[in-house]
Amino acid sequence: QVELVESGGGLVQPGGSLRLSCAASAVSFGPFTMAWYRQAPEKQRELVAAFTRSNIVHYADFAKGRFTIARDNAQNTLYLQMTNLQPEDTAVYYCNADPRDYVASQPYPNWGPGTQVTVSS
């Protein structure tokens, strides 16, 4: 298991930007597929973006063109740069570490506590 802690969430106006960070500890996250998921109230958790250990990047359709995922294996940190945020992006954003080298339909149960992102005027 990788211990994960997200940060960088907050309140932002529509059209604004945020950068989320996920710090991993206990073990190096180099061998893991790292991903961001989000869960809005009364909705299921959904994939936002993933960066496999083979350096293949996946984005949900809603994230393409607005969000950028990056990983720094030396710093054991995963990032999510979000731009042009909209109210529908309001959710708790979670970091995930998966030992499989692909994005599985069922996420591996290794989560951080999450960080709240609220987009509102």
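The values are calculated or read from the model by the stated rules, or taken from the named source; none is laboratory data. Owing to the predicted nature of the structure, the values given are computational and were not obtained by experimental measurement. These accessible areas exclude ligands, DNA and RNA; they are computed on the full protein's heavy atoms, side chains included. Shrake-Rupley method; radii C 1.70, N 1.55, O 1.52, S 1.80 Å.
Quick check for you: with a 1.4 Å probe and neighbouring chains kept, what is the accessible area per residue of the stretch 1-115, in Å²?
51 Å²
Which ³J(HN,Hα) values in Hz, rounded to whole numbers, follow from the phi angles of the stretch 29-42 under the Karplus curve 6.51 cos²θ - 1.76 cosθ + 1.60, where θ = phi - 60° and Gly and Pro get x?
9, x, x, 10, 7, 10, 8, 10, 10, 9, 9, 8, x, 6
Using the Karplus curve 6.51 cos²θ - 1.76 cosθ + 1.60 with θ = phi - 60°, work out ³J(HN,Hα) for each residue of the stretch 104-114 in order, rounded to whole Hz, and write x for Gly and Pro.
Residue by residue, the stretch 104-114 yields 7, 5, 9, x, 5, x, 9, 10, x, x, x Hz.
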